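The values are calculated or read from the model by the stated rules, or taken from the named source; none is laboratory data. Quantities reported herein were computed from a predicted structural model and do not represent experimental measurements. Please note: Cβ atoms are built from the backbone with ideal geometry, for glycine as well, and neighbour counts cover all protein chains shown. These accessible areas exclude ligands, DNA and RNA; they are computed on the full protein's heavy atoms, side chains included. Shrake-Rupley method; radii C 1.70, N 1.55, O 1.52, S 1.80 Å.
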Amino acid sequence: MTQSSHHQARYAELIFRRYARETNQLVAGTRHAVIGGDPQHAALADALRSMGAHVRQFATVHDAAAWPHTITHAGTASYLEGRARSTAAERIAWATDHMPVVATLARDLAENQRIAGLKIGMCLVLEPKTAVLALTLAAAGAQVSVYAHPEETDAQIAAELANRGITVFADATANPDRAQELMDEFLNQHLNLLIDDGARVIRRAHHVAGALDELIGAAEETTSGLRNLAKEPGGPRVPVIAVNNARSKTWFDNAVGTGQSCVSTILDIIDPGQDGWSIVGADVVVAGYGPVGRGFARHVRALGGLVTVVDTDPTCALRAEIDGYQVRASLVEAVATADLIVSATGYAATITPDMLRAARPGAYIAVAGGVDDEVQWGDAIRHDGATWEPVGFALESLRYPNGHHVNILDRGGCINCTAGEGNPIEIMDLSFGVQLSALDVLLTRGRDLGPGVHPIPERADQRVSAIALAQFVHTADAHSTASTDTDVRPGIGRPSL
Ligand SMILES: NC(=O)c1ccc[n+]([C@@H]2O[C@H](COP(=O)([O-])OP(=O)(O)OC[C@H]3O[C@@H](n4cnc5c(N)ncnc54)[C@H](O)[C@@H]3O)[C@@H](O)[C@H]2O)c1
């Protein structure tokens, strides 16, 4: 890569990161007008296109006004177009305006009086989109309470929800014992419906006296949560809807949104000043090529990173090969030359102490999957004499007695959830739309379903996508009409990075 093409790709990286950070909105499937004809603008257009955006380049903002677009990728103006998104209330308001699927499906539930008076417990990453779901269910007449794991709790959002009458069992500063107490208090409320992410709460409910007595059923959000439920002897004793397996969840949340949000969060942690480490030309090893690994790899490649994939399943490895990535059989060998190593498996012990020792000195290591011990840094401390040294926000160096060191992001937590703002809003709108459909299924058919894990019906899955599809198309049309003579904003020029 020449110096000038590196510079152009770096420009694209920084604009992408700014957009993702400022808006928490999706790139894929949305319309972007790139203003300017310089090579760096072409690089930006290419990067966004490679992520799945609908992109057109225009010489001036006047030319762009005739084309429907949501974002103009040039200019000093904020992507928020004058709105603030700093307080919890502002962040919740911004998310609310971009979650039409949740609004529509909650309206249906409210109209049918299905959830009025029911006790609904939610255990999800506590951030603005989750707050929208909680408030929407409460507005539809449910008694809503929220539990969140400490590392997945945004304290400001928790406080804002409590102010608005939601019962909150979440404390970002809780130690493991206190977190367990909070979870048990949450389960002691005799919940009627439970929404979970990771299945820790569903599994715990089986061991808290009385917690299943009034429970009609639960809905589970993630791949690893369903995997954990499958390991339970005898399986769950209530119906559990496999939200994760809906196409309108996996195809977009796992396969697209997680890639965008993990890449942007990782880059913001490694390069907080936007003046140092770049993904452009970096060697990135991705462990696991399921939907999450695939989406992550796609976003890294779009920004100019060089991806190597390792997957223990030959079919997934073949898929990576056919998608055009370098594929290696051995993770311990692949990490030796990597600048960034990311686990997207959702399995414990993916990045082992051997790999931490074999990694390129100074390599960055992060998790896009998200189970405990996915990176075994604890073993490196216990058995290899390694020590921690804080380096920056959500970044620590693991230092070995022989001078070797690697940098671990947020102690191997699920990086977009523990150190970022989670998946893009439009993506969580879809996933939470599936959650609401799951509640509807439990309320209409719960008693017939019986204990065990059940798929979401195909029609309910399609309805979620249909609402989202109409909204994507409608947004483009609305912008088309509105922008014909009004989309000339002052201050459009070179972006200030
Ligand atoms: N960060 C987020 O916001 C987010 C969103 C959705 C899902 N997830 C989580 O991401 C994880 C992956 O999700 P998915 O849907 O892609 O799962 P998946 O099971 O479809 O894919 C995981 C892949 O990892 C491979 N694998 C397992 N162990 C491996 C190892 N040691 N080395 C290399 N490859 C290995 C498997 O063969 C599989 O192909 C899950 O834990 C899921 O819950 C996170």
### Charge dipole (debye, nearest 20) of the range 94-178; +1 at Cβ of Lys and Arg, -1 at Cβ of Asp and Glu
340
### Task
Can you find, among F58, G346, H207, the residue farthest towards the positive end of the dipole of the chain? Put +1 on the C-beta of Lys and Arg, -1 on that of Asp and Glu.
F58
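When the gyration tensor of the range 373-422 is built from Cα positions, what are the square roots of 5 times its three eigenvalues, in whole Å, from largest to smallest?
Numbers: eigenvalues 94, 29, 8 Å².
After scaling each eigenvalue by five and taking roots: 22, 12, 6 Å.
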### Query
Per-residue accessible area for W277 at 1.4 Å probe radius, Å² rounded to 10?
60
### Message
Compute for the range 86-150: radius of gyration divided by Kirkwood radius, i.e. Rg/Rh, restricted to C-alpha atoms, rounded to two decimals.
### Response
0.98
### Message
Could you report the accessible area of Y364 in Å², rounded to 10, computed with a 1.4 Å probe on the protein chains as they sit in the structure?
### Response
40
### Task
Would you be so kind as to identify which of I365, G257, P272 lies farthest towards the positive end of the dipole of the range 255-418, taking Lys and Arg as +1 and Asp and Glu as -1 on Cβ and the Cα centre as origin?
G257
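What share of Cα pairs, in percent, lie more than 28 angstrom apart in the chain?
On the way: 66228 of 123256 pairs.
Counting every Cα pair in the chain, those more than 28 Å apart make up 54 percent.
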### Summary
In this structure, the FRET efficiency calculated for A209 and D97 from their beta-carbon separation, with R0 = 56 Å, to the nearest 0.05, is 0.85
### Query
Once the dipole of the chain is set up with Lys and Arg at +1 and Asp and Glu at -1 on Cβ about the Cα centre, which of I157, I195, P291 lies farthest towards its positive end?
P291
### Message
If I model the range 255-418 as equal point scatterers sitting on the Cα atoms and use the Debye formula, what is log10 I(q)/I(0) at q = 0.11, 0.17 Å⁻¹?
### Response
-0.37, -0.94
### Query
If you place +1 on the Cβ of every Lys and Arg, -1 on the Cβ of every Asp and Glu, and leave all else neutral, what size is the dipole of the chain about its Cα centre, to the nearest 20 Debye?
640
## Note on the structure
If every Lys and Arg gets +1 and every Asp and Glu gets -1 at its Cβ, then about the Cα centre the range 7-64 yields a dipole, in debye to the nearest 20, of 160
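Could you put D63, D108, D213 in order of accessible surface area, largest first, with the 1.4 Å probe and the full protein assembly present?
Working: D63 80, D108 50, D213 115 Å².
Per-residue accessible area, sorted high to low, gives D213, D63, D108.
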### Query
Hey, which lysines would be in cross-link range of K129, C-alpha to C-alpha under 16 Å, not counting anything within fewer than 8 residues on its own chain?
K249
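By how many nm would the segment from E111 to R56 grow when fully extended, if each residue of separation counts as 0.36 nm and the alpha-carbon distance is taken off?
Working: separation 55, 0.36 × 55 = 19.80 nm, distance 4.15 nm.
Result for the pair: 15.7 nm of gain on full extension.
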### Query
Going by average Cβ neighbours within 10 Å, how do the peptides 371-377, 404-410 rank, with the highest at the top?
404-410, 371-377
#### Entry: Net lengthening on full extension, A172/Y400 (0.36 nm per residue, minus Cα-Cα)
79.1 nm
### Query
Excluding ligands and nucleic acids, what accessible area in Å² is computed for F393 using a 1.4 Å probe, to the nearest 10?
150
